[in-house]
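**Student:** Before anything else, here's the structure in question.
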Amino acid sequence: MSQLNGAYYGPAIPPPPRYYHRSDDQGCCCNCLCGLTRCCCGCIFSIICKILTFVLVLVIIAAVIIWFIVRPNVLKFYVTETNLTEFNYGNNGILDYNLGLNVSIRNPNSRLGVYYDDIEATALYEDVKFGSQSLEPFFQHKKSTRYVGPVFKGQQAMSLGEKQVSKLNKDKDSGVYDIVVKLKMKFRFKFGLIKIGSFYPKIRCDLKVPLKSHNGNGQFETTQCGWDYRSIFLHKD
């Protein structure tokens, strides 16, 4: 048998593996930067929270001090007198009405005056508006009572349902009408030389108003009006 010449005819021999050293410098820098960013953001957020808390505490302390100095009391509204001489609802859906009111406004505050910049009085029957009047602006001194006299007179087309007409007929028979008067206003307080805020309260007066020409219907009783506190700081129709 002849000898082979030393050549190798088997499968190819794979090259030896190469090993690379992976540098962690870039990852380390990224981690350090991210950590520094988180640290800075946390510090800034903490400082902002402390500043806001400090300001809030100052505002609360100032409000408490002002409250103790001013000692504000709620304004009180009363309807002391009514004069209803006409309240006729015809078959044509027209209401003829003539209603006068005497409204007292009591300012019990010993340190606050009140600027009434705008007052609008609205009269309603069974939630249907039939008259309105804008009253003159005025200033009310501290610890004083002021009287205003809105008058509702005229004709108004009113669309009343069956239940509302039935209620109107009952009131007509009794000679006493359930009428609601609302006062929508804008006012400011005066403390010394300082004018404070703009407030937009709504006052509601639920009245039982006797018709003057009706016999045996009794006298009107002074009625205190209520506040809609939700509207004090918001100007809404």
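The values are calculated or read from the model by the stated rules, or taken from the named source; none is laboratory data. Just so it is clear, the structure is predicted and the values come from calculations on it, not from any experiment. Heads up, the Cβs are rebuilt from the backbone with ideal geometry, glycines too, and the neighbour counts pull from every protein chain shown.
**Student:** In contact with a helix residue (DSSP H, G or I) (Cβ under 9 Å, 6 or more places away or on another chain) and modelled with pLDDT of 95 or more: which single residue out of PHE139, PHE87, PHE152 fits that description?
**Tutor:** Numbers: PHE139 fails: in contact with a helix residue (DSSP H, G or I) (Cβ under 9 Å, 6 or more places away or on another chain); PHE152 fails: in contact with a helix residue (DSSP H, G or I) (Cβ under 9 Å, 6 or more places away or on another chain).
Selected residue: PHE87, the only one of PHE139, PHE87, PHE152 that is in contact with a helix residue (DSSP H, G or I) (Cβ under 9 Å, 6 or more places away or on another chain) and modelled with pLDDT of 95 or more.
**Student:** Also, quick follow-up: Which of (1) at pLDDT 85 or above; (2) closer than 30 Å to ALA121 by Cβ is the odd one out, the single condition VAL57 does not satisfy?
**Tutor:** (2)
**Student:** Okay, next question. Considering only residues that are among the basic types (Lys, Arg) and more than 19 Å from ASN88 (Cβ to Cβ), look in region 176-215 and name the one that is surrounded by the most Cβ atoms within 10 Å (Cβ to Cβ). Talk me through it step by step, then tell me what you get.
**Tutor:** First, pick out the residues of region 176-215 that are among the basic types (Lys, Arg): 182, 184, 186, 188, 190, 195, 202, 204, 208, 212.
This time we only want the ones that are more than 19 Å from ASN88 (Cβ to Cβ), so: 182, 184, 186, 188, 190, 195, 202, 204.
Working: LYS182: 17, LYS184: 20, LYS186: 16, ARG188: 15, LYS190: 17, LYS195: 12, LYS202: 18, ARG204: 14.
For region 176-215, the residue satisfying everything is LYS184.
**Student:** Could you please let me know if LYS172 is more than 22 Å from the chain's Cα centre (by Cα), surrounded by 15 or more Cβ atoms within 10 Å (Cβ to Cβ), basic (Lys, Arg) and at pLDDT 95 or above? I'd like the intermediate steps shown before the answer.
**Tutor:** Numbers: more than 22 Å from the chain's Cα centre (by Cα): yes; surrounded by 15 or more Cβ atoms within 10 Å (Cβ to Cβ): yes; basic (Lys, Arg): yes; at pLDDT 95 or above: no.
No.
**Student:** Scan region 105-139 for residues that are farther than 25 Å from GLU221 by Cβ and crowded, with 16+ Cβ neighbours inside 10 Å and jot them down.
**Tutor:** Scanning region 105-139 gives ASN109, LEU112, GLY113, VAL114, TYR115, TYR116.
**Student:** So in region 85-104, with the set limited to residues that are in contact with a Phe, Trp or Tyr (Cβ under 7 Å, 6 or more places away or on another chain) and not aromatic (Phe, Trp, Tyr), which one is surrounded by the fewest Cβ atoms within 10 Å (Cβ to Cβ)? Step through it out loud before you land on a result.
**Tutor:** To start, the set of residues in region 85-104 that are in contact with a Phe, Trp or Tyr (Cβ under 7 Å, 6 or more places away or on another chain) comprises 86-87, 95, 97, 99, 102-104.
If we keep only those that are not aromatic (Phe, Trp, Tyr) as well, we get 86, 95, 99, 102-104.
Numbers: GLU86: 13, LEU95: 20, LEU99: 23, ASN102: 16, VAL103: 22, SER104: 17.
Once the filter is applied, the top-ranked residue is GLU86.
**Student:** Moving on to the next point. Return the residues of region 172-197 that are over 21 Å from GLY131 (Cβ atoms) and outside any strand (DSSP E or B); say none if nothing qualifies. Show your work before the answer.
**Tutor:** Within region 172-197, the subset over 21 Å from GLY131 (Cβ atoms) is 173-174, 187-197.
Answer for region 172-197, where residues must be over 21 Å from GLY131 (Cβ atoms) and outside any strand (DSSP E or B): ASP173, SER174, GLY192, LEU193.
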